[in-house]
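Novice: Sharing a structure below in structure tokens format, with a few things to ask.
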Amino acid sequence: MNKYYITNPDNIDRYIDLNVSGFIYGIEKFSSEFNSYLSLDKISLICNKVKNNNKDIIIFLNRLYFEHELKDLKKVLVKLSKLDVIIGFTDDAVLNILNDIGFKGQKLLISNHTGTNSYTLDFYLNRGVKNAYICTELTLNEINDIKNNTKSNIFVKGYGHLNMATSSRKLLTNYFKFIGKKKSKKVYTFKDFITSKEFKIVEDFNTNFYTGDIFNIIEYLPKLDNLNIILDNYLIDNEIFYNEVSNFLNNNVTKDNYIGFLDKETVYRVTDYD
Amino acid sequence: MIKPELLAPAGDLERLKWAIDYGADAVYLGGKEYSLRSNAKNFSLSEIKKGVEYAHKRGKKVYVTVNILFHQKDIKGLIKYLKKLEEYKVDAIISSDLFIIDLLKKEKINIDYHLSTQKSCINSEASKFYLKNNVKRIVLGRECSLDDIKSIKKNTNADIEVFIHGAMCMGYSGRCALSNYLTNRDSNRGACAQICRWVFDLYDEDNKISDETKFSFSPKDQQLLVHIKDLMKAGVNSFKIEGRMKSIYYLATILSVYRRVIDEIYDGKYKYNKNDDIILRRCANRESLPQYINKFPSMNEQYYIGREEKTNQDFLGVVLSYDKKNKEIVLEERNYFSIGDKINIFGPNNRNISIEVKYIKNKDGELVEYANHPREILRIPCDIEVYKNDLIRVDFIN
């Protein structure tokens, strides 16, 4: 049976009613790719409420950190370690600090594009990281292969825009400066001339690139089991998102969704390219 | 101050030899399997063996990239491959997929693990984690500033490798899958289509932002010549040059400059010479800047319009031999030159002479006005002895 995790809900109660398994939050300065961020104090309050309903809370520390940020990162981790939360991390600096401060709680590897095989997950499992959010550029068979070959607790993306790339450069700011115009929006789109596909680009701490289409795994649920499925509302309207989450939890299968690489393997030798 | 290793790319066995002959302390190369840059020629196992033998005979090292992000099926054959690399005495592998560390231990394969820049390690806490897990060297992310590098070295004493010259990724290395999404070519398994060099129209909802200037996110190249001294003071162990697909002329030119600069700094004899900067810039076909090392990159570190990728025609020929009796260079031509042109001949160990072309003889001994047949064997006069595999370029300095 799959479990469902919701990012940054606008209204916790209605998702608790839908019987999701937990909530994912980002915190100010140390997380990325959330519609809004919480302070540590606010997370503490939410923890009390959510835990009373037997739901998990996962904090996503899903950035890479520069040297000058480490001092504050340590302070945040010390505070988080006193809460009953699962700590997700992208930067192995977080894992090192958590080990140093003796964190006893659960950890989650947020691998972004890099968690592509069970052996890598086992590397982290052997070092106390029991949960892994795997790469979003995998086929359905690859996801199941990974799951069947590791004891790591697997998280996959089930719904939301897919991150295609992250740059530390201020790519939008720089472009607008170059053309002498003011950057006035949070989200912009760009088009591929060949396929006419649209993609989204957002600048925060980093510049992130996303699919214009919303990935939706719902049709493939019968082929996926015992997974933790993340339903992500980043850049998506709250009501649309709620309805989609309802579909997942009530098994209302929608058709013709964007499914990313689930049925399409990438090639990696140009001579193989067709 | 430690003397850092100068680490060069080797796209094939020929380039490996050129790199070592022109001053590299070590080379990195990719095998036919498990390596990014699947478009490069790359090395068969027997070529890796030959390359290691060539390097070790000259006291140099060879690192092999095993730097794809492995999907489940890619792991087939990996143990056998790693055992072969050990058997051939490869000095280290460069990888970002950490499971290989455990695999080496489990299979008792005695080969060092260098953490690839694909892991984008940019801080000392992550570095400490890797050091605790048997990583022998960390290739830092190119997003690190000089202060970051100093701090990481000070806080970890890690063996640190830093890129000093060449092309850069737009994004954090290993965290860009634009190629996958736009072309279905897997960037983290060696088929990156370099989407960052494409141009796009940018929209604010349905409104195009600019008709005149396309949106792009291509970074200019990196070039750290003026920061080499500071990086040596910071204790960087290895200076890496990017470009496994670059020409022998590019390799020889870049290595000649950095070899001399590193040696002179180490010997306390270095004085900045702007000609070095000119030489480095002219042999590349893209602009180069320090990028992250001294400030956070701005719009100046990117291309928007007019990428100015120029075809370089400075490379005139390769010395095949020197005819001492007639005081003539026997050369194989690469680009056009003519009588009266000023040329520069450079080679390993700081050989560098400039002459004017007084005459040109073809292979039949006939005098010709100009050289305009690439690969043609020619003779030109030179009073000073030059050596096989010295290179001839336009004398753009004098």
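Novice: What is the packing order of peptides A:97-105, A:242-250, B:265-273, taking the mean over residues of other C-beta atoms within 10 Å and listing the highest first? Walk me through the numbers before you get to the answer.
Specialist: Values: A:97-105: 15.0, A:242-250: 17.0, B:265-273: 12.0.
Taking the mean over residues of other Cβ atoms within 10 Å, the ranking is A:242-250, A:97-105, B:265-273.
Novice: Considering every residue in A:199-209, what mean count of other chain Cβ atoms within 10 Å of its Cβ is obtained? Before the final figure, lay out each step's value.
Specialist: On the way: counts 4, 0, 5, 0, 0, 0, 0, 3, 3, 2, 8.
Whole-number average of other-chain Cβ neighbours for A:199-209 is 2.
Novice: Something else now. Counting only residues 5 or more places away or on other chains, whose amide H sits under 5 Å from the amide H of A:ASN131 once H atoms are built in the peptide plane?
Specialist: Those qualifying (amide H under 5 Å, at least 5 residues apart or on another chain) are A:LYS107, A:LEU109, A:ASN153.
Novice: Relative contact order for the range B:194-283: what is it in percent, counting Cα pairs under 8 Å that are at least 6 residues apart? List each step's numbers first, then the result.
Specialist: On the way: 44 pairs, mean separation 19.9, N = 90.
That works out to 22 percent.
Novice: Report Rg (one decimal) and Dmax (nearest whole number) for the protein assembly as shown, counting Cα atoms only, units Å.
Specialist: 27.2, 96
Novice: Per residue of A:170-180, what is the mean number of Cβ atoms on other protein chains within 10 angstrom of that residue's Cβ?
Specialist: Details: counts 5, 10, 4, 2, 8, 11, 5, 3, 10, 9, 2.
Partner-chain Cβ atoms within 10 Å, mean over residues of A:170-180: 6.
Novice: Residues with beta-carbon under 14 Å from that of B:ARG334, excluding B:ARG334: net charge, scoring Lys, Arg +1 and Asp, Glu -1?
Specialist: Values: positive: B:ARG375, B:ARG393; negative: B:ASP314, B:GLU332, B:GLU333, B:ASP341, B:GLU376, B:ASP390.
In short, -4.
Novice: Kindly flag which residue pairs out of B:LYS269/B:LYS295; A:LYS264/B:LYS108; A:LYS130/B:LYS119; A:LYS147/A:LYS255; B:LYS50/B:LYS153; A:LYS170/B:LYS61 have an alpha-carbon separation exceeding 30 Å in this structure. Walk me through the intermediate numbers first.
Specialist: Values: B:LYS269/B:LYS295 28 Å; A:LYS264/B:LYS108 37 Å; A:LYS130/B:LYS119 21 Å; A:LYS147/A:LYS255 25 Å; B:LYS50/B:LYS153 35 Å; A:LYS170/B:LYS61 38 Å.
Pairs exceeding 30 Å: A:LYS264/B:LYS108; B:LYS50/B:LYS153; A:LYS170/B:LYS61.
Novice: Within 15 Å, Cβ to Cβ, of A:THR114, how many net charges do the neighbouring residues add up to if Lys/Arg are +1 and Asp/Glu are -1?
Specialist: It works out to a net charge of -3.
Novice: Write down Rg/Rh for the range B:74-118, rounded to two decimals, with Rg from the C-alpha atoms and Rh from the Kirkwood relation over Cα pairs. Please report the intermediate quantities before stating the final value.
Specialist: Working: Rg = 9.8 Å, Rh = 10.7 Å.
Over the Cα atoms of the range B:74-118, Rg/Rh equals 0.92.
Novice: Quickly work out the A:ASN48-to-A:SER36 label distance, labels modelled 7 Å from Cα along the C-beta direction, and quote it in nm with one decimal.
Specialist: Rounded to a tenth, the inter-label distance reads 2.0 nm.
Novice: Then there is this: ³J(HN,Hα) across the range B:385-398 via Karplus (A = 6.51, B = -1.76, C = 1.60, θ = phi - 60°), whole Hz, x for Gly/Pro?
Specialist: For the range B:385-398, the Karplus-derived couplings read 5, 10, 10, 3, 6, 5, 10, 10, 9, 4, 7, 8, 8, 8 Hz, x marking Gly and Pro.
Novice: Moving on. At a Förster distance of 41 Å, what's the computed FRET efficiency of B:PHE396 paired with A:GLU265, Cβ-Cβ distance as r, to 0.05? Don't skip to the answer; put the middle values down first.
Specialist: On the way: r = 49 Å, r/R0 = 1.18.
About 0.25, to the nearest 0.05.
Novice: In addition: Whole-Hz Karplus ³J(HN,Hα) for the range B:238-248, in order, using 6.51 cos²θ - 1.76 cosθ + 1.60 and θ = phi - 60°, x for Gly and Pro?
Specialist: Ordered by residue, 3J(HN,Hα) equals 8, 9, 10, 9, 7, x, 6, 10, 7, 6, 5 Hz.
Novice: If you average the alpha carbon positions of the range A:59-113 and of the range B:293-361, how far apart do those two centres end up, in angstrom?
Specialist: Here the answer is 52 Å between Cα centres.
Novice: 5 Å is the cut-off here: which amide hydrogens, built 1.01 Å from N in the peptide plane, fall below it relative to B:ALA371, excluding neighbours closer than 5 in sequence?
Specialist: B:PHE337, B:SER338
Novice: Among the chymotrypsin sites (Phe, Trp or Tyr not before Pro) within the range B:279-345, which fall in a DSSP loop and have no more than 12 other Cβ atoms within 10 Å of their own Cβ? Before the final figure, lay out each step's value.
Specialist: On the way: sites: B:TYR292, B:TYR303, B:TYR304, B:PHE315, B:TYR322, B:TYR336, B:PHE337; in loops: B:TYR292, B:TYR304, B:TYR336.
Answer by residue number: there is no such site.
Novice: Cβ neighbours within 10 Å, averaged per peptide: list A:117-126, B:122-131 in order, most packed at the top. Don't jump to the answer; show the numbers that get you there.
Specialist: Working: A:117-126: 21.8, B:122-131: 23.4.
Averaged packing, sorted descending, gives the order B:122-131, A:117-126.
Novice: While we're looking at this one, here's another question. Show the residues, 5+ positions off or on another chain, whose built amide H is closer than 5 Å to the amide H of B:TYR303.
Specialist: B:SER218, B:LYS220
Novice: Charges only on Cβ, +1 for Lys and Arg, -1 for Asp and Glu: so what's the dipole of the range A:162-211 about the Cα centre, in debye to the nearest 20? Before the final figure, lay out the partial values.
Specialist: Numbers: 11 positive and 4 negative charges, 58 e Å.
Rounded to the nearest 20 debye, it is 280 debye.
Novice: Let me ask you something else. Roughly how many nanometres apart are two label points built 7 Å out from the Cα toward the Cβ at A:SER21 and A:ASN250?
Specialist: 2.2 nm
Novice: Just how large is the dipole of the range B:255-351 about the Cα centre, in debye to the nearest 20, putting +1 at every Lys and Arg Cβ and -1 at every Asp and Glu Cβ?
Specialist: So the magnitude is around 240 debye.
Novice: Using the Karplus equation 6.51 cos²θ - 1.76 cosθ + 1.60 (θ = phi - 60°), what ³J(HN,Hα) coupling, rounded to whole Hz, does each residue of the range A:29-36 give in order, writing x for Gly and Pro?
Specialist: Those phi angles translate into 6, 10, 10, 9, 6, 10, 5, 8 Hz.
Novice: Shifting gears a bit: For chain A, I need the span (max minus min coordinate) of the C-alpha atoms along each principal axis, in Å, sorted largest to smallest.
Specialist: Taking max minus min along each principal axis of the Cα atoms, chain A gives 51, 48, 40 Å.
Novice: Further question on the same structure: With charges set only on the Cβ (+1 for Lys and Arg, -1 for Asp and Glu), what does the dipole of the range B:200-246 come to about its Cα centre, in debye to the nearest 20?
Specialist: Values: 8 positive and 9 negative charges, 154 e Å.
Result for the range B:200-246 is approximately 740 debye, rounded to the nearest 20.
Novice: So for the range A:162-211, taking the charge dipole from beta-carbon charges (+1 Lys/Arg, -1 Asp/Glu), which of A:PHE209, A:THR189, A:MET164 sits furthest toward the positive end?
Specialist: It is A:THR189, whose Cα lies furthest towards the positive end.
Novice: So, how do all the Cα-to-Cα distances of the range B:22-172 break down into 10 Å bins, in percent, from 0 on up?
Specialist: With 10 Å bins starting at 0, P(r) equals 11, 39, 37, 13, 0.
Novice: If the elastic network links every pair of Cα atoms under 10 Å, which of A:GLU203, A:GLU69, A:GLU137 fluctuates the most in the Gaussian network model of chain A?
Specialist: Maximum fluctuation in the GNM of chain A, among the listed residues, is at A:GLU69.
Novice: May I ask you to list the aspartates and glutamates whose Cα is less than 12 Å away from that of A:LYS51, ignoring any residue fewer than eight positions away on the same chain?
Specialist: A:ASP84
Novice: Between the range B:3-42 and the range B:222-261, how many Å separate their Cα centres?
Specialist: 14 Å
Novice: Restricting things to Cα coordinates, could you compute the convex hull volume per residue of the range B:315-394 in Å³?
Specialist: Details: hull volume 6.0 nm³, N = 80.
Once divided by residue count, the hull of the range B:315-394 is 75 Å³.
Novice: Given the C-alpha atoms of the range B:145-261, compute the convex hull and give its volume per residue in Å³.
Specialist: Values: hull volume 19.7 nm³, N = 117.
Each residue corresponds to 168 Å³ of Cα convex hull volume.
Novice: Count, for each residue of A:89-97, the Cβ atoms from other chains sitting within 10 Å of its Cβ, then give me the mean as a whole number. List each step's numbers first, then the result.
Specialist: Numbers: counts 0, 3, 7, 11, 9, 3, 3, 11, 4.
So the per-residue partner count for this stretch is 6.
Novice: Could you compute how fast chain B diffuses translationally, taking Rh as the Kirkwood radius over C-alpha pairs and applying Stokes-Einstein at 25 °C with viscosity 0.890 mPa s? Give it in µm² per second. Don't skip to the answer; put the middle values down first.
Specialist: Numbers: Rh = 22.7 Å.
The Stokes-Einstein estimate is 108 µm²/s.
Novice: Within the range A:126-140, which residues have the backbone N less than 13 Å from the label spot 7 Å out from A:ASN148 along Cα→beta-carbon, could you tell me?
Specialist: Zone members listed by number: A:140.
FYI, it's all coordinate maths here, none of it is from the lab. All of these numbers come straight from a predicted model, not from anything done at the bench. No Cβ is skipped: glycine too gets one built from the backbone with ideal geometry, and neighbour counts run over all protein chains shown.
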